[in-house]
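The values are calculated or read from the model by the stated rules, or taken from the named source; none is laboratory data. Quick caveat: nothing in here was measured; it's all calculated off a predicted structure. When we count neighbours, we look across all protein chains shown, and the Cβ atoms used for this are built from the backbone with ideal geometry, even at glycine. These accessible areas exclude ligands, DNA and RNA; they are computed on the full protein's heavy atoms, side chains included. Shrake-Rupley method; radii C 1.70, N 1.55, O 1.52, S 1.80 Å.
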Amino acid sequence: MQPVKKNYLDRLRLVAIFAVFFFHYIVITGKQGFVLYYANGDWGHLGTTLFLLISGNCLARIYGEKLSLKSFYKKRWLSIFPAFYITYILVFLGYTVVLHNNIIAGKPLWWFIYSILGIDHYIGFIGIPSMALVGEWYTTIIVAIYIIFPVLQFMYRKSKLIGSVIMTVLFILNYHFTWTGFPDEVHLITCAAIFWVGMLTYHFEDQLENMPRIIWWLLLAFIGVLLFVEMPFPYLIKKLLVPPLLFIVFMRTEPIWKNTSESPVISFLCSIEYAVYLCHHSVLYVIQSFYDRLLGKIEPVSYFIISLVATIIFAAVITYITNIILGKRKLKSKNHK
């Protein structure tokens, strides 16, 4: 049976990728304050956390009760690595040909293995050098979660309560002892716990979509408070407050959107969302370098507009090439694949 497509997931996906893009744009421009950080977190982490919640919801929707390992791993590999490799090659050529940066000078070629595995950005957290060019730490995390997904799916299918207890205990223990040298906010256990919450949102989807309107308004008000009033909680806990609440708020809007046809613009942007994630750092950097050469400084408004348009165009090209290689005729929204 084909899973029911949910419009709120597409809209959340756009919020997430725009938050990540905007965060990195602000970092490059050197601005501070609310445009970079809200009271209890930052916009970049809000975006990546939303992506984890969306992924958990979508995979529970598709594989919650039945899972073919061969088919699952094949689809997950095809959903990540072809576009990743294509983007890497294009960015590598752009850096070496257009910008004339000899990025492999003095570096061992075997470092490319890290990129082939998709772990190049992530290992930087523990001081291992690499040839990282596209994407970021999230690539490694989502690959790792896909690898352990059969275990999560088993817990989800057998006992959601016991699974939730296990994930909560692991989260608390890791937060207390900080296993491995990776920061808590990008640690696999932290991200797997967020992913698990995303799976649970699908299980409670009917209740959340039809919650009393007064509760929905109270959640909106609480999110507003969290954006402007710092909570007296540990830093990691504070950063994890807004994304799931925002996710639930968007779920409640599904009854409004379900009878409306999806905008072609939203459909198109969702179809290239992964490629936007992969290439936006490089586009921001390349355009910044041109600004530095021509003007000696960045003009924030024009820099934002040019970078956003260039990122969308580049992402569309990447997605188009990927689909040709994979033999796809058209793009589909990822929440019902």
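What the pair-distance distribution of region 185-256 shows, using all Cα-Cα distances binned every 10 Å from zero, is 18, 44, 33, 5 percent. The HN-Hα couplings worked out from phi for region 269-285 by the Karplus form 6.51 cos²θ - 1.76 cosθ + 1.60 (θ = phi - 60°) are 5, 5, 5, 10, 4, 5, 5, 4, 4, 5, 9, 5, 4, 5, 4, 4, 5 Hz, whole numbers, x standing for Gly and Pro.
Could you please report the charge total around L220, scoring K, R as +1 and D, E as -1 over all other residues with beta-carbon less than 13 angstrom from its beta-carbon? Mind showing how you got there, number by number?
Working: positive: R213, R252; negative: none.
Net local charge, L220 excluded: +2.
Longest segment of the chain with no GluC sites (Glu not before Pro) in a DSSP loop having at most 14 other Cβ atoms within 10 Å? Provide the component values of the computation, followed by the final result.
On the way: sites that count: E65, E230, E262.
Longest gap between qualifying sites, sites excluded: 66-229.
Annotation: extensible slack from L161 through W216 equals 17.3 nm (criterion: 0.36 nm per residue apart, minus Cα-Cα distance).
Distance between the C-alpha centers of region 201-253 and region 1-57? Whole Å please. What the calculation gives is 14 Å, centre to centre. For the chain, the longest principal axis of the C-alpha atoms and the axis of helix 7-29 are separated by about 40°. The aspartates and glutamates within cross-link reach of K31, meaning a Cα-to-Cα straight distance under 15 Å and a gap of 8 or more places when in the same chain, are D42, E299.
The Cα-based radius of gyration and maximum Cα-Cα distance (Dmax) for region 14-159 are 17.9, 56 Å. Phi-derived couplings, Karplus 6.51 cos²θ - 1.76 cosθ + 1.60 at θ = phi - 60°, listed residue by residue for region 87-97: 4, 4, 4, 5, 5, 4, 5, x, 5, 7, 8 Hz, with x used for Gly and Pro. Compared with the dominant principal axis of the Cα atoms in the chain, helix 160-177 is inclined by about 50°.
Near T49, once Lys and Arg are set to +1 and Asp and Glu to -1 for all other residues with Cβ below 11 Å from its Cβ, the sum equals -1.
Tell me the angle of helix 213-228 to the major Cα principal axis of the chain, expressed in degrees between 0 and 90 and rounded to the nearest ten. The two axes meet at around 40 degrees.
Computing Rg and the Kirkwood Rh from the Cα coordinates of region 37-123 gives a ratio, Rg/Rh, of 1.09.
Is there a pair in K70/K160; K6/K239; K66/K258; K5/K258 whose C-alpha atoms are over 19 Å apart, and which pairs would that be?
Numbers: K70/K160 24 Å; K6/K239 26 Å; K66/K258 26 Å; K5/K258 9 Å.
From K70/K160; K6/K239; K66/K258; K5/K258, over 19 Å: K70/K160; K6/K239; K66/K258.
From helices alone, the chain scores -22500 deg cm²/dmol at 222 nm; the rule is -39500 (n - 2.57) for each run of n ≥ 4 DSSP H residues, then divide by the residue total.
Let me have the relative contact order for the chain, percent, based on Cα pairs under 8 Å that are six or more residues apart. All intermediate terms of the calculation are to be shown ahead of the outcome.
On the way: 354 pairs, mean separation 103.0, N = 337.
With pairs under 8 Å counted, the relative contact order is 31 percent.
Annotation: amide H-H contacts under 5 Å for M131 (H modelled 1.01 Å from N, sequence separation of 5 or more, or interchain): S115. The HN-Hα couplings worked out from phi for region 292-305 by the Karplus form 6.51 cos²θ - 1.76 cosθ + 1.60 (θ = phi - 60°) are 4, 6, 8, 10, x, 7, 9, 9, x, 5, 5, 4, 5, 5 Hz, whole numbers, x standing for Gly and Pro.
Give the relative contact order (percent, whole number) for region 181-310; include only Cα pairs under 8 Å separated by 6+ residues.
Across region 181-310, relative contact order equals 21 percent.
Here r is the Cβ-Cβ distance between K238 and I324 and R0 is 51 Å; the resulting FRET efficiency, rounded to 0.05, is 0.70.
Can you compute the FRET efficiency between E209 and N102 using 1/(1 + (r/R0)^6), with r the Cβ-Cβ distance and R0 = 51 Å? Round to the nearest 0.05. Kindly include the intermediate steps, with their values, before the conclusion.
Numbers: r = 54 Å, r/R0 = 1.05.
So the FRET efficiency works out to roughly 0.40.
Quantify, in whole percent, the carbon and sulfur part of the accessible surface of region 34-88 (1.4 Å probe; protein heavy atoms only). Result for region 34-88: 66 percent of the exposed heavy-atom area is carbon or sulfur.
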